[in-house]
Structure formats: structure tokens, C-alpha cells
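Engineer: If you scroll down you'll find the structure; I have some questions about it.
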Amino acid sequence: MLIHTDLLRRMLEVCLSNWAFCHLGPQLISHLCKTGAAVLKAMGRIGNETVKGSLNERPEGPELAAEPWPENAALYQQLKEEQILLSDNASSLAVQAFLQMCNLPVRVICRANAEYMSPSGKVPFIHVGNQVVSELGPIVQFVKAKGHSLSDGLDEVQKAEMKAYMELVNNMLLTAELYLQWCDDVTVEEITHPRYGSPYPWPLNRILSYQKQWEIRRKMKAIGWAGKTLEQVLEDVDQCCHALSQRLGTQPYFFNKHPTELDALVFGHLFTILTTQLITDELSEKVKNYSNLTAFCRRIEQQYFEGHEKDSATIAARSSKRPLLR
């Protein structure tokens, strides 16, 4: 039985409106957070029946490879101007860059509940034929199964090196973005909470924001980042950029003349950092200290985004240094 998404919102809002939210105990708040997430998951499932139905059939092997890449392939992410956060924006751009490098067309669709439509709960995800795949790693494998690969020309040693640098980016840059969004108090209050909950009415907007904040802070504690200061996190970013700069050198791409998924991943994060306005410019300044990395970002922007009608508006908006997160 399908329930209209507005009704789901109103049901939760009515249930919670009788409570003095600021005086709720932690256990009850936790329960309400889970309730809010469950509602949004339901909204994600019924908000797009085509995507929901596509999760049921996932052919593999020769059957998957035999299917050509469709012209109506779609990439889903949160609302670009008012909702999406730094880390999700970077991850989405990395996937877009990867697909552009593979010369595979994709249409970017922005949905307020994209996170809850995703099979993994993470964005971006792509909808290709009867397939729904989320996050860069699985998308790379999915595209490879269809006969498109950027790293087939690498030997085994180079492939291992590429994977190591991708782990570095995810462990350092992505984690630093998450830390800044959810652990830096000023950023949380001025940017993260207002944007993350922007599509939803009170109190659902606050409930979902606090739930996500607790989730990320638990993760930070588990990996040993909870006790770090912002200065220490920025130093980690600088060390990561230094390692990437050393590996890139004067080459156009990390493995000489042809891009790989590493180039797409690095571009997604560095370009987003460079073009996103935060509380201060400390994060972007760390990247700007390495001229070959900024030139690398500009090179990929020019080659794979400028002049591409579907994506040029997106990349131009990011390039303009408009206050995307404020």
C-alpha cells in the first residue's frame, strides 16, 4: 500500500508537535530520529517507483555486459543549491567525472530524499536500465562489467598503487570533509544543520540532522578522529595533498597520459573543496598550496565538463565560487 509522501511528513509532524522537543530525553530523541529516518526511507522507496522497482532484478555476467549503456542513464544526488553538503557533492562529482572519462552519458537528477532512495543509504547512485548502483567503487565495477574501464592499461603494480592512493583520498580527504561538516561546531550550526534538513518541515529537519550528526560522530570516535582539533585535521589534509602532488608531478594525470578512476576521485574532492564557500578558506588554501593539483582540476574541468551541455551549468555554478553551502 502506497502512502503519499506529504501524508508521511504530516503524520510524523503531528506526532512530534505535541512534545517540547528541546526537553526530550536522549532515549526518546534517539527513537524519534529512527522514526524520522524510517519515514524518509519509505519516502525514498515510494518517491520514485521506477527506481524502487529496479532494485528487484540485477542481471550479472554476460547478460549484464550484453546490455548497452542507455541514453537515459541517471545519477541521483541531493538538491544542489540548497541541500547537498561538501562530502556528498565531492562524491557525486567524482562519479560524474568518471562517467565522463568513460564517455558514458548520464543525466543528473536532484532529489531531496536521494540519500533515502539509495540502496546503500549513500549518494550518489546511478539508475541504468534495471540496475541501481551507489558509490564510486561499485559503480566502477558495474561499468567495467559492461565493457568500460579506465585502468585496464595499468599493470598489476600500478593498479595496486592506484588503489592505495584512492584509499588515501577516502581516508583523509573524505574523512576531513565529514569532520568539518559534523564535528566543527560553527560549521554545524551555520551550514550543516540548515542545509541538511532544509527540504523538510520542523521538527523533522532537526531530527534528521541530529541523527546524522550522531552517526558521523560515532564513526569519528571509532576511527580515532573524535579527539582531533580542526588544526590537526587541516594538517592531515595538507599531508594528503602533498602526497598527491608528489605522485602527480608534472604529468597530466596520475598515471601519465590517460585518466583513471583515481583521477576522477581526486578531481571530485579537490575541485569541490576549491569551489565551495565554507566558514573560512582554510581548507581550500591547503589545496591551493599545490599548483599542480589546482592545474589538474582545471584541466579535467576543461576537458570533461566545459562544453558538455548537460553538465556545463553544474560545473559553472561550482566554478563561480558562489556561496553553495551558506
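The values are calculated or read from the model by the stated rules, or taken from the named source; none is laboratory data. Note that the structure is a prediction, hence the values are computed from the model and not measured. Cβ atoms come from the backbone with ideal geometry, glycine included; neighbour counts cover every protein chain shown. We work out accessible area using only protein heavy atoms, side chains counted, and drop any ligands, DNA or RNA first. Shrake-Rupley method; radii C 1.70, N 1.55, O 1.52, S 1.80 Å.
Engineer: Looking at region 251-288 only, could you name the residues that are farther than 29 Å from Q83 by Cβ and touching a helix residue (DSSP H, G or I) at 6+ places or on another chain (Cβ under 7 Å)?
Structural biologist: Within region 251-288, P252, Y253, F254, F255, P259, T260 meet the criteria.
Engineer: Which of the numbered conditions does L150 fail, given that it passes all the others? Conditions: (1) at pLDDT 95 or above; (2) outside any helix (DSSP H, G or I); (3) open to solvent by 70 Å² or more (accessible area, probe 1.4 Å).
Structural biologist: That leaves (3) as the condition not met.
Engineer: Okay, next question. Counting just the residues of region 255-298 that are free of Cβ contacts under 8 Å to residues at least 12 places away in the same chain and within 28 Å of H148 (Cα to Cα), which one comes out surrounded by the fewest Cβ atoms within 10 Å (Cβ to Cβ)?
Structural biologist: The qualifying residue surrounded by the fewest Cβ atoms within 10 Å (Cβ to Cβ) is K257.
Engineer: Looking at R195, R247, can you tell me which residue is open to solvent by 10 Å² or more (accessible area, probe 1.4 Å), part of a helix (DSSP H, G or I) and under 22 Å from V157 (Cβ atoms)?
Structural biologist: It is R247.
Engineer: Among (1) assigned to a helix (DSSP H, G or I); (2) within 30 Å of L234 (Cβ to Cβ), where does K122 come up short?
Structural biologist: Against the list (1) assigned to a helix (DSSP H, G or I); (2) within 30 Å of L234 (Cβ to Cβ), K122 comes up short only on (1).
Engineer: Of the residues that make up region 159-175, is at least one farther than 30 Å from W69 by Cβ and crowded, with 21+ Cβ neighbours inside 10 Å?
Structural biologist: Yes - at least one qualifying residue is present in region 159-175.
Engineer: Within region 104-147, track down each residue that is at positive phi and open to solvent by 50 Å² or more (accessible area, probe 1.4 Å).
Structural biologist: Of everything in region 104-147, those that are at positive phi and open to solvent by 50 Å² or more (accessible area, probe 1.4 Å) turn out to be E135, G147.
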